[in-house]
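Note sheet for the following structure.
All of the numbers you see were taken from the coordinates with simple rules; none came from a lab. These numbers were taken from a predicted model, which means no experiment stands behind them. Methodologically, a virtual Cβ is constructed for each residue, glycine included, from the backbone with ideal geometry; neighbour enumeration extends over all protein chains shown.
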Amino acid sequence: MTYSRLIGALFLSAIIFYGLGNGLVTSVVRGPGFLSTISAHQTTLALGAVLMLLNSAVVLGLGILFFPIVEKHSKITALIYLVSRIVEAVLLAVGVLSLLMLVPLGQNAVEAGEANVAWAKAAASLLTQANSTSYQIAMMSLGVGGVFLCSQLFRISLIPDG
């Protein structure tokens, strides 16, 4: 029962960490002129990034905790779910790191003056898009792993059929 509660708490904490972190990050990077003000908001961005990285650690923990439970019934399903969670955690972390690269980019753009502003805006757009793309691919990985996990839980009657 304690193991089940731990898994449930991790699911809830993952939602909270990523939700709060993404909210903080979005508050900094929304709008067309965010690059010029990013230095003033770097603490908010960093706190949001830390929360999003904590989500990656929790996601990895969920895969590890589920492995011995699912392995008793299907080693292949357990491995697929674990790998999908590892891929998810890595991709989410890559997305967060791309967001953190906005801080030095913003500082360099302000110091470089007008000559490099267009280049910096294009790079900032690529970095924010990299985070979004990483998130989408991570969720696809979770979806694939989740289908295998739920299918196995259905087969062993942990999910009712009616």
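Annotations for the structure displayed:
- Of the DSSP H helices in the chain, those that are both long (alpha-carbon extent of 18 Å or more along the helix axis) and hydrophobic (Kyte-Doolittle mean at least -1.0) are 2-29, 42-71, 75-100, 117-155.
- The range 1-64: Cα Rg divided by the 2.2 N^0.38 Å rule of thumb: 1.38
- Inter-label distance, Thr26 to Leu47: 1.8 nm, where each label sits 7 Å from its Cα along the C-beta direction.
- Helix-only CD estimate at 222 nm, as mean residue ellipticity for the chain, using -39500 (n - 2.57) per DSSP H run (n ≥ 4): -30000 deg cm²/dmol
- Spherically averaged projected area in nm², based on the convex hull that wraps the Cα atoms of the chain: 10.5 nm²
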